[in-house]
1. Is it true that K238 is in a loop (DSSP other than H, G, I, E, B), out of contact with any helix residue (DSSP H, G or I) (no Cβ under 7 Å at 6 or more places or on another chain) and modelled with pLDDT of 65 or more?
2. Please indicate, with yes or no, whether at least one residue in the stretch 259-268 is charged (D, E, K, R), out of contact with any Lys or Arg (no Cβ under 8 Å at 6 or more places or on another chain), modelled with pLDDT under 80 and not assigned by TED's automatic domain parsing to the domain that holds A435.
3. For the stretch 258-273, which residues satisfy the criterion of being surrounded by 12 or more Cβ atoms within 10 Å (Cβ to Cβ), over 47 Å from the mean Cα position of the chain (by Cα) and not in a loop (DSSP other than H, G, I, E, B)?
4. From the list A346, A337, which one is out of contact with any Cys (no Cβ under 8 Å at 6 or more places or on another chain), in contact (Cβ under 8 Å) with a residue 12 or more places away in the chain and in a helix (DSSP H, G or I)?
5. Within the stretch 414-433, is there a residue that is assigned by TED's automatic domain parsing to the domain that holds Y17, closer than 26 Å to S94 by Cβ and without any contact (Cβ under 8 Å) to a residue 60 or more places away in the chain?
6. Looking at (1) at pLDDT 85 or above; (2) farther than 21 Å from L317 by Cα, find the lone condition where I229 falls short.
7. Give all pairs with beta carbons closer than 7 Å in which a residue from the stretch 116-127 that is on the phi < 0 side of the Ramachandran plot meets a residue that is in a helix (DSSP H, G or I) and of a type in the set (F, W, Y); count only pairs at least 6 apart in sequence or on separate chains.
8. In this structure, does V254 turn out to be modelled with pLDDT of 80 or more, assigned to a helix (DSSP H, G or I) and not assigned by TED's automatic domain parsing to the domain that holds A178?
Amino acid sequence: MGTEQVLMIVALAFGFYMAWSIGANDVANAMGTSVGSGALTIKKALIVAGVLEFAGALLVGSHVSETIRSGIISPDLPVFQENPMILVYGMTASLLSAAIWLQIASYLGWPVSTTHSIVGAVLGFGLVVGGMEAANWSEVSSIVSSWIISPVLSGSVAFVLFSILRRIIYDTDDAVAAAKKVTPYLVFIVFWVLTLTTVFKGLKNLNLNLGFLEASILGSAVGLLAALISFFLVRRIKSEPIEERVWVRQPLVVEKSLSKVLNQLTKAANAASGEVKERLDGMINELEATHKEVARGMEVERGSGEYKTVQRIFVYLQIMSAALVAFAHGANDVANAIGPLAAVIAIVQSGQLVLKTAVPVWLLGVGGAGIVLGLATWGWRVMLTIGKKITELTPTRGFTAEFSAALTILFASKLGLPVSTTHTLVGAVLGVGLARGIGALNLRVVLDIVISWVITVPVGAIGAIIFFYVLKAIFG
């Protein structure tokens, strides 16, 4: 067996290892909200994610693979032109470095960014070998901007969507009837988005490209069919009896109005005397207690039976949104494992610097299989962190977060931007939490997550540099 064959096997092993690490960490981020809200058990989440992740990687994954493979560092440098194997060593080292860091983070339950990891690794070896001019800074800057845009965009969408849902469902006299009314519309949107993003210039590997108009028509048809089915299904859901009382947040206008009333009453009490002053003081004490409860989001009373019925309706919506997130993640993040691997295979097989060949379907399948295996073995560790510790999740909140994240991820995937699923989903969860007030967030956990994001890039870069010299010493 020649050196090239051994290097191919090593690269394939590292690529599969990287895909496994992505499944253990990033896929858990995507499914954690479903598990945290109780919409899916861990076992069911594994099944849903496994099927949809593999499908997304196989059908749509080639879009982003091109960016990771040839967009991060410039292949036109003399050092790569003279010796293409330098790029092979670097890409292989990047895969190993990112995979090891992701495994460590997954073991500790840290939801870090796989995209940060692999991009940092590729940049690390590129800068060491070729200097500052080795990096394609315009491409890198667009990717870096996507790291900022993706959580802000998904968080904004989640904030607005959850605020709307809360207003049209919970701020009504009959929340169950309102939820049943709005569900078919939500189902239509979910299936329209899923279908449109899948077929609109998405199925390149199957040669089934459709224009935007044709894709929109198909998406509308699928959405209408799903909405019609959901219309009859939600009508069969019966309300549970009221057994206890739960508390949900009041609209902001209530808190502001109470503040104004308290100010006026305080002025009146200060000017009053005798029995009137005593009565006003008593009213102020009661209103102050009420104001504090409203500020904490605990004032509006709801029957738990009504609350549980609404959440049961949104369980089905969240399962659909979870499937959308899984498909989107498979489409986007398989590039983190397959992009560098595709470059290695093309160069080793041809002996030349070939970066424009199509990504083989079987290679996308290898990446998809690795992602599924990683989720099935270690995914539960990070799943518990993302689903339980940032903020309290219910099916309504989980659906909002997942759907908002899926929109952002799929949009970025179509543009060829390897956004971080971690950033996007955490941004969406934060958006849902902020819609209920800053007190609904566990800011310490959020800070820990942000810190883990920051250290991921340098860790990936340092590891890639070390492994690059090791591989070069062995095979060079």
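The values are calculated or read from the model by the stated rules, or taken from the named source; none is laboratory data. Note that the structure is a prediction, hence the values are computed from the model and not measured. Glycine gets a Cβ as well: all are built from the backbone with ideal geometry, and neighbour counts include every protein chain shown.
1. On the way: in a loop (DSSP other than H, G, I, E, B): yes; out of contact with any helix residue (DSSP H, G or I) (no Cβ under 7 Å at 6 or more places or on another chain): yes; modelled with pLDDT of 65 or more: yes.
Spelling it out, K238 is indeed in a loop (DSSP other than H, G, I, E, B), out of contact with any helix residue (DSSP H, G or I) (no Cβ under 7 Å at 6 or more places or on another chain) and modelled with pLDDT of 65 or more.
2. Residues of the stretch 259-268 that are charged (D, E, K, R), as a first pass: 260, 267.
Pick out the ones that are also out of contact with any Lys or Arg (no Cβ under 8 Å at 6 or more places or on another chain) and you get 260, 267.
Checking which are modelled with pLDDT under 80 leaves us with none.
Looking for residues that are charged (D, E, K, R), out of contact with any Lys or Arg (no Cβ under 8 Å at 6 or more places or on another chain), modelled with pLDDT under 80 and not assigned by TED's automatic domain parsing to the domain that holds A435, one finds none in the stretch 259-268, hence no.
3. So in the stretch 258-273, the residues surrounded by 12 or more Cβ atoms within 10 Å (Cβ to Cβ) come out as 258-259, 261-262, 265-266, 268-269, 272.
After this cut, where a residue has to be over 47 Å from the mean Cα position of the chain (by Cα) as well, the list is 265-266, 268-269, 272.
Result: L265, T266, A268, A269.
4. Working: A346 fails: in contact (Cβ under 8 Å) with a residue 12 or more places away in the chain.
The unique qualifying residue is A337.
5. Yes: one or more hits.
6. Condition not satisfied by I229: (2).
7. Close Cβ pairs (under 7 Å, with a partner that is in a helix (DSSP H, G or I) and of a type in the set (F, W, Y)) amount to H116/W453; S117/W101; F125/F468.
8. Values: modelled with pLDDT of 80 or more: no; assigned to a helix (DSSP H, G or I): yes; not assigned by TED's automatic domain parsing to the domain that holds A178: yes.
It is false that V254 is modelled with pLDDT of 80 or more, assigned to a helix (DSSP H, G or I) and not assigned by TED's automatic domain parsing to the domain that holds A178.
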